[in-house]
Amino acid sequence: MAASTHLVLDIETIPDGELYTAPPPSPGTERTFPPIFACKPVVIGVMWLDENLVCKKAGTIGEGKDEGGMLADFAEFMAKWEPTLVTWNGRGFDLPVLMLRSLRYGVSAPWYYRNRDYRYRYSSEGHLDLCDVLADHGATRMTSLHGAARLIGLPGKDGVDGSQVEALFRTGQLEALRGYCLSDVAQTAFLFLRYRLLAGLLDRAGYVSAATALLASVAADARLAPLVARIERPRLLLE
């Protein structure tokens, strides 16, 4: 069986005002997060890794299109290439959001519903949710992407976090929003490589080689310069 490519995925969402009105926050509390069905994707960030874990491409899917067009482009890519998905909490958030919003716009996603591996929680054949796996599928509390990233020398959420996504979108700061999403994608990709070392799917030399190559690809992308500037290289590359 041929080795699979991997698609590292992260999405950014805002509340869908047509479907949901948030209750006024109580004094000293944050605004209520919307239910899954009312989370509207505004960025789908990806990094596509080839069979040798080398970055083929990184960017955002459906850029410049409306939500329905963005979802259709994502569905088309998945149906054509059938990569293994790699996410952080993708089973709990990203994929349910993408499927519910596809339901809203009538976007067909047979790649997801006809392939058991994409939906079966205890298999990493079609979808490796690093957050779920590292929490032993709910046996312990889930670690945040920020926390896991910090463990291996990455900055995590530094300067921007999910609470600022809506403000960035409403004020037209789309490039900043895409850069934020791609930073999370890149950090998830590094965590994926480190997980493969942890699980014995890469030896130490193989991990260092793959992580060094990925760091070179990330450093060549101007959108990720703020991330690269804050990476602790010795810890990331096990120097």
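I'd like the full set of residues that are farther than 22 Å from Tyr122 by Cα and touching an Asp or Glu at 6+ places or on another chain (Cβ under 7 Å), limited to region 75-104.
Within region 75-104, Arg101 is the sole residue that qualifies.
Mind checking which residues of region 126-136 are under 18 Å from the mean Cα position of the chain (by Cα), outside any helix (DSSP H, G or I) and either within 30 Å of Arg233 (Cα to Cα) or at pLDDT below 90 (or both)?
So in region 126-136, the residues under 18 Å from the mean Cα position of the chain (by Cα) come out as 126-135.
Next cut, outside any helix (DSSP H, G or I) only: 126-129, 135.
If the condition is that a residue be under 18 Å from the mean Cα position of the chain (by Cα), outside any helix (DSSP H, G or I) and either within 30 Å of Arg233 (Cα to Cα) or at pLDDT below 90 (or both), then His127, Leu128, Asp129, Ala135 are the ones that fit.
Limited to region 92-114, what total is found for residues that are surrounded by fewer than 21 Cβ atoms within 10 Å (Cβ to Cβ) and within 16 Å of Cys39 (Cα to Cα)?
10
If you take the residues in region 197-210 that are open to solvent by less than 50 Å² (accessible area, probe 1.4 Å) and assigned to a helix (DSSP H, G or I), which one is nearest to Gly59 (Cα to Cα)?
Checking each candidate, the answer is Ala210.
Per-residue answers, yes or no, for (1) farther than 12 Å from Leu236 by Cα; (2) modelled with pLDDT of 95 or more; (3) part of a helix (DSSP H, G or I):
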| residue | (1), (2), (3) |
| --- | --- |
| Ala149 | no, yes, yes |
| Val160 | yes, no, no |
| Ala167 | yes, no, yes |
| Ser183 | yes, yes, yes |
| Ala186 | yes, yes, yes |
| Leu191 | no, yes, yes |
| Thr212 | no, yes, yes |
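Are any of the residues in region 20-43 hydrophobic (A, V, I, L, M, F, W, C), at pLDDT 95 or above and under 24 Å from Asp221 (Cα atoms)?
Yes: region 20-43 contains one or more residues that are hydrophobic (A, V, I, L, M, F, W, C), at pLDDT 95 or above and under 24 Å from Asp221 (Cα atoms).
Only residues that are surrounded by 16 or more Cβ atoms within 10 Å (Cβ to Cβ) and of a type outside the set (S, T, N, Q): list them for region 212-225, please.
Correct list: Leu214, Leu215, Val218, Asp221, Arg223, Leu224.
For region 149-182, enumerate the residues that are crowded, with 22+ Cβ neighbours inside 10 Å and under 20 Å from Leu134 (Cβ atoms).
Ala149, Leu154, listed by residue number.
Examine region 96-106 for a residue that is part of a loop (DSSP other than H, G, I, E, B) and touching a Leu at 6+ places or on another chain (Cβ under 9 Å), and state whether such a residue exists.
Checking region 96-106: not a single residue is part of a loop (DSSP other than H, G, I, E, B) and touching a Leu at 6+ places or on another chain (Cβ under 9 Å).
Name the single residue, out of those in region 1-19 being in a loop (DSSP other than H, G, I, E, B) and open to solvent by less than 30 Å² (accessible area, probe 1.4 Å), that is nearest to Asp129 (Cα to Cα). Break it down stepwise before answering.
Initial filter on region 1-19 (in a loop (DSSP other than H, G, I, E, B)): 1-5, 16-19.
The next check asks that each one be open to solvent by less than 30 Å² (accessible area, probe 1.4 Å); those that pass are 5, 16.
On the way: Thr5: 15, Asp16: 26 Å.
Across region 1-19, the extreme among qualifying residues is Thr5.
Give me the residue from region 20-39 that is in contact with a helix residue (DSSP H, G or I) (Cβ under 6 Å, 6 or more places away or on another chain) and under 16 Å from Glu166 (Cα atoms) and, out of that set, least open to solvent (accessible area, probe 1.4 Å).
Out of the qualifying residues, it is Cys39.
Taking region 40-83, which residues are small (Gly, Ala, Ser) and open to solvent by less than 70 Å² (accessible area, probe 1.4 Å)? First the steps, then the outcome.
We begin by selecting, within region 40-83, every residue small (Gly, Ala, Ser); these are 45, 58-59, 62, 64, 68-69, 72, 75, 79.
If the condition is that a residue be small (Gly, Ala, Ser) and open to solvent by less than 70 Å² (accessible area, probe 1.4 Å), then Gly45, Ala58, Gly59, Gly62, Gly68, Gly69, Ala72, Ala75, Ala79 are the ones that fit.
For Leu49, are the conditions met, namely being touching a Phe, Trp or Tyr at 6+ places or on another chain (Cβ under 6 Å), under 17 Å from Leu128 (Cα atoms) and among the aliphatic types (A, V, I, L, M)?
no
I'd like the residue in region 115-125 that is part of a loop (DSSP other than H, G, I, E, B) and without any contact (Cβ under 8 Å) to a residue 12 or more places away in the chain and, out of all such residues, is least open to solvent (accessible area, probe 1.4 Å). Step through it out loud before you land on a result.
Here is the first cut: in region 115-125, the ones part of a loop (DSSP other than H, G, I, E, B) are 115, 120-125.
Still in the list and also without any contact (Cβ under 8 Å) to a residue 12 or more places away in the chain: 120, 123.
Details: Tyr120: 88, Ser123: 18 Å².
Applying the filter and picking the extreme gives Ser123.
The values are calculated or read from the model by the stated rules, or taken from the named source; none is laboratory data. Just so we're clear, the structure is a prediction, and the values are computed from it rather than from any experiment. Every residue, glycine among them, receives a Cβ derived from its backbone with ideal geometry; neighbour counts consider all protein chains shown. Each accessible area value is taken on the protein alone, full model and side chains, heavy atoms only, with ligands, DNA and RNA left out. Shrake-Rupley method; radii C 1.70, N 1.55, O 1.52, S 1.80 Å.
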